[in-house]
1. Given region 1-93, what whole percent of its Cα pairs are spread farther than 18 Å?
2. If you take the charge dipole of region 47-100 about its Cα centre, with +1 on Lys and Arg Cβ and -1 on Asp and Glu Cβ, which of 75, 88, 63 is farthest toward its positive end?
3. Quick one: plug the Kirkwood hydrodynamic radius of the chain (C-alpha pairs) into Stokes-Einstein at 4 °C, 1.567 mPa s, and report D in µm²/s.
4. Could you state the orientation-averaged shadow area of the convex hull built on the Cα atoms of region 117-237, in nm² to one decimal?
5. Mind checking the per residue accessible area of region 13-58 for me, 1.4 Å probe, whole number of Å²?
6. May I ask you to give the percent of accessible area on the chain that is carbon plus sulfur, with a probe radius of 1.4 Å?
7. Past the 20 Å Cα-Cα mark, which pairs from 106/144; 47/74; 70/144?
8. Mind listing the long-range amide H neighbours of residue 197? Cut-off is under 5 Å, sequence gap 5 or more, other chains count too, H placed in the peptide plane at 1.01 Å from N.
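The values are calculated or read from the model by the stated rules, or taken from the named source; none is laboratory data. This one's a predicted model, so the numbers in the text were calculated from it and none came from an experiment. Here the Cβ positions follow ideal geometry from the backbone for every residue, glycine too, while neighbour counts run over all protein chains shown. The accessibility values were calculated without ligands, DNA or RNA, using every heavy atom of the protein model including side chains. Shrake-Rupley method; radii C 1.70, N 1.55, O 1.52, S 1.80 Å.
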Amino acid sequence: MEDSKVIIALDFKDQEATKAFLDKFDEPLFVKVGMELFYGEGPDIIKMIKARGHKIFLDLKLHDIPHTVKQAMKNLARLDCDIVNVHASGSIAMMKAAVEGLEEGKVGDKRPLCIAVTCLTSLDQDVLDHELGIHEPLEDVVVKWANNAKMAGLDGVVCSPLESAPIHEKVGKDFITVTPGIRLAGNNVNDQKRVTTPYKARSLTSNYIVVGRSITAADDPVAAYHEVSRQFDKGEE
């Protein structure tokens, strides 16, 4: 059976809550560990999840000067995660340094995939115009930053499902798009603005989707996960 392309966001406060959630499943998962969980538990949370046979997207969104990012990525590479990321706005030089760090610190012959965050799904055109001083259309900004990431040697980007197709068209079909902002129909969108359903994300060419509360806050997380997977992995509405 082909591995699922649904990544579950483990937005829990500690290792105990994370274990309780993972204990509900008897199958290998692809999960996302973000700032809250990693900064609270440290590398031990990664070791625990990997020991259970799950894949990990370590979502720390590094953004600093190139040297600092390179050294940080050397350390993160030793955790043997499957995907790590940086902010595309940190520059091509910074992104190149991230890949260099991963190559130097990798475990075995294969480094983690490195992807760049473009515009967070909590942002929209109004925020770009009036808060960030970026007056180009949001889609153009995302595609530009995606192209910068490819030039830097990265494997893909984090973007809204709404920008996945333009990225594949203008940057390359083999360039990975990992798309948060996914909700099952009828779920609360919370603090995200550019959202779609899993089925819609598939039709918009997303390669992977990141799903949090639609699964983790569901009455039956396992059933919710299988519903998301049915829509996205199998393309069934």
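1. Numbers: 1950 of 4278 pairs.
Here the tail beyond 18 Å accounts for 46 percent of pairs.
2. 75
3. On the way: Rh = 18.0 Å.
Value of D from the Cα-based Kirkwood radius: 72 µm²/s.
4. Numbers: hull surface 30.7 nm².
Its Cα hull, projected and averaged over all orientations, spans 7.7 nm².
5. Details: 2330 Å² over 46 residues.
In whole numbers, region 13-58 has 51 Å² accessible per residue.
6. Numbers: 5380 of 11150 Å².
Using a 1.4 Å probe with all protein chains present, the chain comes out at 48 percent carbon and sulfur.
7. Working: 106/144 29 Å; 47/74 17 Å; 70/144 23 Å.
Listed pairs above 20 Å: 106/144; 70/144.
8. 183
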